[in-house]
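One structure is given below, encoded as structure tokens.
What follows draws every value from the coordinates through simple rules; no lab data is involved. Everything quoted here is computed from the prediction, not taken from an experiment. Note that each Cβ is placed from the backbone with ideal geometry, even for glycine, and that neighbours are counted across all protein chains shown.
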Amino acid sequence: MRRWSHLMIASFGSREECAVHFSVTFQTACNWFDGMCRPYGDIVDYAVETLPRYAEIMRGRS
């Protein structure tokens, strides 16, 4: 969960921007930013495709 939180913080200027990008509620984006939970499935697939720093942060690669 910590890596997902770091990815959200590194990728978005605000929680609102994150919520819009993933089409989730503001509360879900807050939970991701705060490291309370992480997604799976289609959200992760979308992150892989749309967030340039995914591999660097989630897999430890640049």
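Figures for the structure shown
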{"item": "Summed residue charge, Cβ within 10 Å of residue 3's Cβ, Lys/Arg positive, Asp/Glu negative", "result": "+3"}
{"item": "Length added when fully stretched, residue 59-residue 37, from 0.36 nm per residue minus Cα-Cα", "result": "6.1 nm"}
{"item": "Size of charge dipole - the chain - debye, nearest 20, with Cβ of Lys, Arg +1 and Asp, Glu -1, no other charges", "result": "320"}
{"item": "Unit charges at the beta carbon, dipole of the chain: most positive-side option, 58, 18, 43", "result": "58"}
{"item": "Set of region 31-52 residues, backbone N closer than 11 Å to the point 7 Å along the Cα-Cβ line of residue 10", "result": "52"}
{"item": "The chain - mean residue ellipticity at 222 nm from DSSP helices (-39,500 (n - 2.57) per run, n ≥ 4, rounded to 500)", "result": "-17500 deg cm²/dmol"}
{"item": "Neighbour net charge for residue 29 - beta-carbon separation under 13 angstrom, K R +1, D E -1", "result": "-1"}
{"item": "Values of log10 I(q)/I(0), in the order q = 0.27 Å⁻¹, for the chain under a Debye, Cα-only, solvent-free model", "result": "-1.29"}
{"item": "Relative contact order for the chain, counting Cα pairs under 8 Å that sit 6 or more residues apart, in percent", "result": "40"}
